[in-house]
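We did not get these values from a lab; they are worked out from the coordinates using the rules stated. Predicted, not measured: the structure shown is a model, and the values here were computed from it. Please note: Cβ atoms are built from the backbone with ideal geometry, for glycine as well, and neighbour counts cover all protein chains shown.
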Amino acid sequence: MSYPVTARLTLVSHAATAATRNAAFPLDESLERPESVTPSDRLRRVETIVCGPEIRCLATAERLGFEPTVESALADLNLGGWRGRTLADLQASDPAALLSWLTDPTAAPHSGESLTDLRERVTAWLDGVSGRTVAVTHPAVVRAVVVHVLDAPLSAFWRLDVAPSSYTRLSRSGPSWTLRETGHPL
């Protein structure tokens, strides 16, 4: 595979939603406090602006002052039948399925996407990133990218805390990405 010579990527985690506050698996929902997102000078020198297709990503990008292109590869982890449910509810109703999902990267007891599937999807997208790009997406997507960049096992996915409105900067020169910086808030 041929890689672009250099690339700079800033991943922005969407702003907080009611699901964020309630430890729930989100539906396609609006931001809880859109006014908390303000444009940032840190994100001005870019060539490409993309975002996941969900309302929360589009709204975050717009509040940052962008008119993004929707990129389906940046969609949230597909949680199938668990969307709209809380962790507490799942722990009470189906603890074995929840434990399986949290410990086996190939598991998808919710009939959605496994962590392995997510990593494959975002890695394929990441391989094509070139120039200076900002991508507004989801904590799960950011985690999958960081795990890939660090060549870490998928079990590390759960050890990464990606806060709402936080950013993760990566750079590439040749085939390998480097984690440059993480921060919160923008």
Check: region 1-127: D in µm²/s via Stokes-Einstein (Kirkwood Rh, Cα pairs, 25 °C, 0.890 mPa s)?
Finding: 150
Next item on the list: With unit charges on the beta carbon (Lys/Arg positive, Asp/Glu negative), name the residue among 59, 139, 182 whose Cα is farthest towards the positive pole of the charge dipole of the chain.
Entry: 182
Check: If the chain between residue 91 and residue 38 were fully stretched, how many nm would it gain, using 0.36 nm times the residue separation less the Cα-Cα distance?
Finding: 15.5 nm
Check: About its Cα centre, what dipole magnitude does the chain give when the only charges are +1 on Lys and Arg Cβ and -1 on Asp and Glu Cβ, stated in debye to the nearest 20?
Finding: 600
Check: Taking N as the number of residues in region 49-186, what is its Cα Rg relative to 2.2 N^0.38 Å?
Finding: 1.08
Check: In nm, to one decimal, how far is the modelled label at residue 45 from the one at residue 152, with both set 7 Å along Cα→Cβ?
Finding: 2.8
Next item on the list: Take every DSSP beta bridge with both residues inside region 6-183 and express the antiparallel ones as a percent of the total, to the nearest 5.
Entry: 50
Note to self: Testing the spin-label approximation: label points 7 Å from Cα along Cα→Cβ at residue 161 and residue 70. State their distance in nm.
What the structure shows: 3.3
Notebook entry, point to check: Could you work out the helix-only [θ] at 222 nm for the chain, with each DSSP H run of four or more residues adding -39,500 (n - 2.57) and the total divided by the number of residues, to the nearest 500 deg cm²/dmol?
Noted result: -8000 deg cm²/dmol
